[in-house]
1. Would you mind stating whether residue 47 is at pLDDT below 90 and within 19 Å of the chain's Cα centre (by Cα)?
2. Would you confirm whether or not segment 5-19 contains a residue that is outside any helix (DSSP H, G or I) and either free of Cβ contacts under 8 Å to residues at least 24 places away in the same chain or among the small types (Gly, Ala, Ser) (or both)?
3. Among the residues of segment 25-39, how many are assigned to a helix (DSSP H, G or I) and either touching a helix residue (DSSP H, G or I) at 6+ places or on another chain (Cβ under 9 Å) or among the aliphatic types (A, V, I, L, M) (or both)?
4. Give the residues of segment 1-27 that are in contact with a Phe, Trp or Tyr (Cβ under 7 Å, 6 or more places away or on another chain) and of a type in the set (A, V, I, L, M, F, W, C), sorted by residue number.
5. Just wondering, is there one or more residues in segment 54-76 that are acidic (Asp, Glu), in a helix (DSSP H, G or I) and exposed (fewer than 11 other Cβ atoms within 10 Å of the Cβ)?
6. Of all residues in segment 9-35 being among the small types (Gly, Ala, Ser) and either surrounded by fewer than 11 Cβ atoms within 10 Å (Cβ to Cβ) or closer than 16 Å to residue 70 by Cβ (or both), which is nearest to the chain's Cα centre (by Cα)?
7. Check segment 64-84 and report whether any residue there is in contact (Cβ under 8 Å) with a residue 24 or more places away in the chain, over 19 Å from the mean Cα position of the chain (by Cα) and under 30 Å from residue 2 (Cβ atoms).
Amino acid sequence: MFRSIVSSKKYWSSVILLGLVFIVLYSVIEHLMQYGGLAFDIFMEEKINDGLWVRYVASRVIGGLTYGMILGYYFELRKRKSNR
């Protein structure tokens, strides 16, 4: 069951969609909580100009993929079990 779910195209499209939604929501919520509003100039100075952009982007991509893979698997497994 695991192999058939992971090898399906629908699973990977849901992983990408869920991962992107997670990245956007998490980044916006973190930004609002950390800076108390929309402060793009301070964000650019701290994250981008100081050379931390690679770590910032890598953490978002890894987090988004992990979140997408877990939820995508859960939704596909639940759908396949309900179709039995």
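The values are calculated or read from the model by the stated rules, or taken from the named source; none is laboratory data. On a predicted model such as this, the values are computed, not experimentally measured, just so you know. Every residue, glycine as well, gets a Cβ built from its backbone with ideal geometry; the counts of neighbours run over all protein chains shown.
1. yes
2. yes
3. 10
4. Hits for segment 1-27 are 5, 18, 22.
5. No, segment 54-76 contains no residue that is acidic (Asp, Glu), in a helix (DSSP H, G or I) and exposed (fewer than 11 other Cβ atoms within 10 Å of the Cβ).
6. 19
7. Yes, there is a match, as at least one residue in segment 64-84 is in contact (Cβ under 8 Å) with a residue 24 or more places away in the chain, over 19 Å from the mean Cα position of the chain (by Cα) and under 30 Å from residue 2 (Cβ atoms).
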